[in-house]
Structures are given as structure tokens and as C-alpha cells.
Amino acid sequence: MLYQLYESQRALMAPFSEFASASAKLYSHPLSPFTHVPMAQRWAAGFDLMHRLAKEYEKPVFDIQSTTVEGVEVAVQEQVVVEKPFCRLLRFKRFTDHAPVLAHMKTQPTVLVVAPLSGHHSTLLRDTVKMLLRDHKVFVTDWTDARMVPLDKGPFHLDDYVHYVQEFIRAIGHKVNVISVCQPTVPVLAAVSLMATQGEETPPALVMMGGPIDARLSPTAVNNLAMNKSFDWFENNVIYRVPLNYPGAGRRVYPGFLQHTGFVAMNPDRHLSSHYDYFLDLVRGDEESAEAHRQFYDEYNAVLDMPAEYYLDTIRTVFQEFALVNGTWEVAGKRVRPQDIARSALLTIEGELDDISGAGQTRAAHALCTGIPKSRQFHYDAIGAGHYGIFSGRRWREQVYPEVRQFIARYSRGPAEPGVTRAGARKRSARAAKAARS
């Protein structure tokens, strides 16, 4: 019922939002006579703010048209590589007719960025992708809004998330390096662990950023809510069915509008101040600051519904049973054993001021991955960075990304066998291939 009430309110507010938008233009357009009335800028700013508070925010687009490689601008095209009911695997394909740069791009490492399925769309990682494209071939998981998935496509559990990650790694190739941001650090570690247990080759480099590997450490407000409420409370209070006006009508979900309410409730003063500053920027005519506000909130206010099964599985497995760190997690009947990962290198990253994943939660992956030699385990603390700062913004670009780039460049080819140099390993492989042909 709550979801239906929200939809009714949204439909009711739509005309008011459009009215506010038109009124803002009426008081700000240079050809309008209303721009000359007293306090016209304040009226325009007030109506503009009203429009943004009442409007519906659609899923943003990555809109990455080009990047720079070796000082040369190259074109970028977004391609769908694999399409599943609840996710698309995207590739940002780079094109250039500059022969030396093209040859250089072919030698660059491949990375799979596993975006969070935790309220916001994968476009939240736009800045992450932009930086990575300079030095890597980039793939990204683009999770689908659950309200857009028809009921006949079946449910989506945390186990399915793990299987999706494995399928994407296999589709790209075992040489792909994997970067998981926030929530996916847990299912990505599970996916790679299961591959290692089965004897499959695992990604050469694993980068885990700001995720709840061990949510018991330095619990944040997010962790406390998940740990202090019962499983039944979540099922009875935050799960609703999608209304009839969407393709996924009848599907049980954790609605995006409830998630957004929770996001805002964590820092209400900060958001109130930000909107007031936006109003003042419009009054002063500071279009650059106003546009920065629009870009941030166009992304922040665009949320998606999560499948109920996946959300509840995550609450139980990650935040209540701590099944990964306790060694009790099973995916499709197979035990998750991070200690079986041996041939990957591991880099964990945390933000000093992260209020989503507390200090030590991501670093806990090292204690689990005992099969990875200490010489290939690394940790980086981003000083002054909050949760979003470790993958977006100035601190990501200036502090975190150089660490990620160097780590992947160093380990992207995987380890050579003990006592064998890379050149020696290549020669031995060539001899083995020649013997097989003969």
C-alpha cells in the first residue's frame, strides 16, 4: 500500500513540478518582462529549487564520449556485452586511428568494475570509469531497476549476484582484473573464492573499496540498523510490491524511495545546507556552483528498487550472521573459502572518514585470504576521504586512482610460478605447445 501511495503522490506532484519549472524560466529568461520586477532572481531561484525538490529523477546515463590516452583524445562507445534479466555487462570500447596509441591500448590491462546494487544506479561510478579508461579496457556491471523486471523472470538472490559476477568474469576472460566498490566486495570475494576452490583461474588483481567484508568492525549507522533490527522487521517494514504501472508489477522489492529517505536521514543538515546554498548560488548568478549541485543531485536522487530476496539475503548473510568471516556461507550448496585464493593479488582501500563502511571492514579481507602471499597483499587508507571520495571526486583522482593504477599494472599478468621468471614461463609454455603439436 505504501508504494501505491507514493506513486499517487508522485503523480500529484508532477504538475506542480512542471509549473515551478515554467515559473522559474518566466522570472529568469532574458526576454521575459518578469525578469525586471523586484526580487525576480529570488523568485526564479525559489521556483527552480521547488521544481528540483518535486521532480522525478530518471536513471542517468554515463555519457562518456571520449577519453585521453597518451595525450591523444580517443572516442569511447558504450556497448552491451552480456544482458541478463537483472544486469547488463557494459564495455566502454575505445576507438582511434592513431596507430601508436592503438597499439598501446591493446597492451593495457582489462578491468571489470562491479558496481553496487544498493540503491543508486551504476552511473554513480562515472568518475571511476572516466579515470580507469585512460589506462585500461573497462567493463562495468549495470544493475537493472527491479521494478522494470517482469515477474516471470523469477527472483534474484544474493547467490544469483555471485553467479552473475562469475559469469561476467568468464565472459571477459580470466585475465580480467576486478574492482569492487562498496557492497559488492562481499559477493565478489565469494565469487572468486568459489572459482579458486573449483580450480579455475582467478583474476590477477583484486581491488576492494569501502565494503562490509566484516561489518562487526567499527560499525556505522548503516551497520547498526541492520544488526539491531530483526530479520522479520526488515521483511515486514521495508518490503513492498511494485505497483501495476511498471513492468515488474507484483514483484517484492525494497523501494528506491525508501532507500533515498534513509540516505537523506543520515545527514539531513548537510542536505538542507546544500539546497540553501544552491538557492543562494542562483540568486548570485553563480551558474558554475549551481550546475555542480544539479549534477550531484541528479545522480544522488536517482534511485532503483532492489529485489527483496537479494536485499534480505544481504541483511542476513552480511550484517546479521557474518557468514563470510565466520566461514559458514554457502552458495548453491558450496562453502565459500577465501583461503583458497592463491594466485591473485589483493588491494583493499578505505576512506578515513567513511560513514558507510567503517574502518577495518574492508581490510578484513586480508585475514580471510590466507592463501595469498603477504608480498601480494596491500592496503591503502585515503586520508580525508569519505565513502564517495574513494571512488569519485578529487581525492579519487589524485590519491586513490594512482594507487589502483600502479597495483593493477604490477599484477595484471598474474604471478609466475615459484622459481620461474615470466620470460622463462613464456618459453616453457612455447616449448609445451610445440611438443603438443608434434
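Peptides 3-15, 352-364, 128-140 ranked from most to least packed by the mean count of surrounding Cβ atoms within 10 Å: 128-140, 352-364, 3-15. Between the beta carbons of residue 374 and residue 103, assuming R0 = 41 Å, the FRET efficiency works out to 0.70 to the nearest 0.05.
Quick one: length gained pulling residue 201 to residue 29 fully straight, 0.36 nm per residue minus the C-alpha distance? Computed gain between residue 201 and residue 29 is 55.9 nm. Listed peptides 237-245, 401-409 appear in the order 401-409, 237-245 once ranked by packing, highest mean of other Cβ atoms within 10 Å at the front. Using bins of 5 Å that start at zero, the share of Cα-Cα pairs per bin across the stretch 262-404 amounts to 2, 8, 11, 14, 16, 17, 13, 8, 5, 4, 2, 1, 0, in whole %. Among 269, 286, 48, sorting on how many other beta-carbon atoms sit within 10 Å of each Cβ, with the fewest leading, yields 269, 286, 48. Quick note on the stretch 19-76: its Rg to Rh ratio, both from C-alpha atoms and Rh being the Kirkwood radius, is 1.31. The Rg/Rh ratio of the stretch 233-273, with both radii computed over alpha carbons and Rh defined as the Kirkwood radius, is 1.13.
Kirkwood radius, the stretch 103-234, all distinct C-alpha pairs, inverse of mean reciprocal distance: 16.4 Å. Look at 334, 55 and count the other Cβ atoms within 10 Å of each Cβ; fewest to most, that gives 334, 55.
Sorting 298, 232 by the number of Cβ atoms found within 10 Å of their own Cβ, with the fewest placed first, yields 232, 298.
DSSP bridge analysis restricted to the stretch 28-183 gives an antiparallel fraction near 70%, rounded to the nearest 5. What's the FRET efficiency of residue 274 with residue 56 using the Cβ-Cβ distance as r and R₀ = 25 Å, to the nearest 0.05? My answer for the efficiency is 0.80.
Distance from the Cα centroid of the stretch 301-317 to that of the stretch 321-383 is 22 Å (rounded to whole angstrom). In summary, the lysines within cross-link reach of residue 84, defined as a Cα separation below 26 angstrom excluding same-chain residues under 8 places away, comprise 59, 93, 130, 137, 153, 175, 334. Under 14 Å from a label point 7 Å along Cα→Cβ of residue 8: give me every residue in the stretch 35-64 with its amide N that close. No residues fall inside that zone. Hydrophobic long helices, here whole DSSP H runs in the chain with Kyte-Doolittle means of at least -0.5 and Cα atoms spread over 30 Å or more along the helix axis, are found at 2-28.
With helices as the sole contributors, the chain gives -13000 deg cm²/dmol at 222 nm; each DSSP H run of n ≥ 4 counts as -39500 (n - 2.57), and the sum is divided by every residue.
Expressed in Å, the radius of gyration and Dmax of the Cα atoms of the chain are 23.9, 91. Could you run the Debye sum over the Cα atoms of the stretch 365-418, one equal point scatterer each and no solvent, and tell me log10 of I(q)/I(0) at q = 0.12, 0.19, 0.28, 0.31 Å⁻¹, two decimals? With no solvent term, the Cα-only Debye profile gives -0.37, -0.79, -1.09, -1.16.
Values in this text are rule-based calculations from the coordinates and carry no lab data. Computed from a predicted structure; not experimentally measured. Quick reminder, even Gly has a Cβ in these numbers, built from the backbone with ideal geometry, and neighbours come from all protein chains shown.
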